Amino acid sequence: MSYVLETGYLVAAVLLILGLRGMSSPRTAHRGLTWVGIGMVVAVLVTFIRTGAGNIGLMLTALVIGGVLAAVYGRQVPMTAMPQGVALFNGMGGGAAGAIAAVELVGGAAVGGAPLVLGVLGALIGTVSFAGSGVAFGKLQGWMRRPVRFPAMPMVNGAVALAAVALGFAVIAGAQMDPVLAAYFAAAVALGILVTLPIGGADMPVVISLYNAATGLAVAFEGYLLNNPAMVIAGTVVGAAGTLLTLLMAKAMHRSVLQVVGAGFRAPEAAAEATESGGILKGTEPVDAAIQLGYARKVIIVPGYGMAVAQAQHKVWELVQRLRERGVEVRFAIHPVAGRMPGHMNVLLAEAGVPYDMVADLESVNPEFARADVALVIGANDVVNPSARDVPDSPIYGMPILNVDEADNAIVIKRGGGQGFSGVENPLFTADNTRILFRDALDGASELVQALKQV
Ligand code: NAP
């Protein structure tokens, strides 16, 4: 029987690895997800049989509640709210790893050696990830717009981090009494919250993928404690993939991971608040914008979060086709963190049928803006904010941007004076050569298509 169960875990592990590999390309991503799903079902079934029927009532209840909630949420959540979903489910994974450790440590089942050390370490990482992901969820949901800091934060955070480490050593040294364990988990929760609170909006993609990696690591450590190979393999794969994604995201944002997570351990930089420029937004109308676009030689389109919310990608592609029929050269410029999840814009444009060769990444397209007659920004803000390049005091300073301000003219489709995700004012919008088409992205693109017929 044990041979069959171990084989079941092996099958689950192979499915998880193959599934993850499938997710590396948009073409095979759907199949990859299906394999991961089947792998998880196999792993859950094997665990179910392995742990016996002692707690069958509780286990079934948990499975039904979790399954129903996840299915309902998964069906209803819009694409633009996916990062919140990732933060939420990621936090659950970290919390589950922490809960497993708590059960093992409180019950005294974890005795000495590597399993105890890994169990205690996994408890810290999982619980920090649980609490930090909760804060990240709140930020992404728009409940906390600005980074939260207070003057004594670096000292408090340092003290909490030291307390967590000291308590962890005490637990490993055998102090597994309830008050010490409770203090250890409380310190981990406090650390997760305090580390995440001061992190600015534009750095959230890095934080989410970091917690994702951390959860994977915590699950792998707890798998070692429980002697569960499926948890070790799945956790290691998630941890490794998440670490790579975190490093790539940090590199794309010109940040180091330490810089991002260390925000709460540093004194706030002077004048880190955004300043009001006092500039005026100058509006335009569809016909005027259509004239500028229709008579241009070269147009670069910069899509952002607003295009995703409005689901305007099909209309935008129709607009591009009309422009190309008129002989206008058009390219799409994609910023690595445009929208609300990695690859968000690429997915939307692929869905609308935009050919890959029209889509350019930040490095390759940036030199082209200076030669573009018009840059058309559709619901993007932070990723085209020149303060990130020019204003050292800006909270988003250092983040690479698309150089829309170097184009001869910029047309921005947005609904009003709304700010971007980071809440920082954007001087591009008040520049002399920028005009705003105050519309929802779908309406704006539709009206431009209509107006082009008249020019
Ligand atoms: P953004 O900075 O969030 O700006 C979006 C702009 O779109 C806003 O100025 C808003 O202005 C406008 N807008 C909203 N709804 C609209 C609609 N229906 N029609 C037209 N315009 C609309 O977006 P972004 O430039 O794409 O930058 C992404 C930001 O999200 C970055 O700060 C990034 O760090 C962060 N982030 C990214 C990820 C990721 O993985 N990609 C994950 C988490 C966070 P109005 O309200 O005036 O319309």
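Every read-out reported here was derived from the displayed coordinates using simple, explicitly stated rules and does not represent laboratory data. For clarity, every value in this text was computed on a predicted model and none was experimentally measured. Cβ: placed from backbone, ideal geometry, glycine included. Neighbour counts: every protein chain shown.
A full extension of the chain between residue 144 and residue 34 corresponds to an added length of 36.1 nm, given 0.36 nm per residue minus the alpha carbon distance. With contacts taken as Cα pairs under 8 Å and at least 6 residues apart, the stretch 175-325 reaches a relative contact order of 20 percent.
Measuring between their Cα centroids, the stretch 24-79 and the stretch 113-164 lie 27 Å from each other. The lysine pair tally for the chain, using Cα distances under 29 Å and a gap of 8 or more places or different chains, is 13. Site pair residue 99 and residue 166 shows an inter-label distance of 3.1 nm when each label is modelled 7 Å from Cα along Cα→Cβ. For the chain, the membrane-span-like helix rule (DSSP H, alpha carbon extent of at least 24 Å along the helix axis, mean Kyte-Doolittle at least 0.5) picks out 2-22, 29-50, 56-76, 82-106, 113-140, 153-172, 178-196, 204-226, 229-252; this says nothing about an actual membrane. Once you charge only the Cβ atoms, +1 for Lys and Arg and -1 for Asp and Glu, what is the size of the charge dipole of the chain about its Cα centre, to the nearest 20 debye? It comes to approximately 640 debye.
Full extension of the chain between residue 258 and residue 48 gives 71.6 nm of extra length, using 0.36 nm per residue less the Cα-Cα distance.
Structural descriptor for the stretch 1-129: relative contact order 17 percent, calculated from alpha carbon pairs under 8 angstrom and at least 6 residues apart. Subtracting the Cα-Cα distance of residue 287 and residue 68 from 0.36 nm times their residue separation leaves 73.9 nm of extension gain. Once C-alpha pairs closer than 8 Å and six or more residues apart are averaged by separation and normalised to the residue number of the chain, the relative contact order reads 14 percent. When shorter helices are ignored and each DSSP H run of at least 4 residues is given -39500 (n - 2.57), the per-residue value for the chain at 222 nm works out to -19500 deg cm²/dmol.
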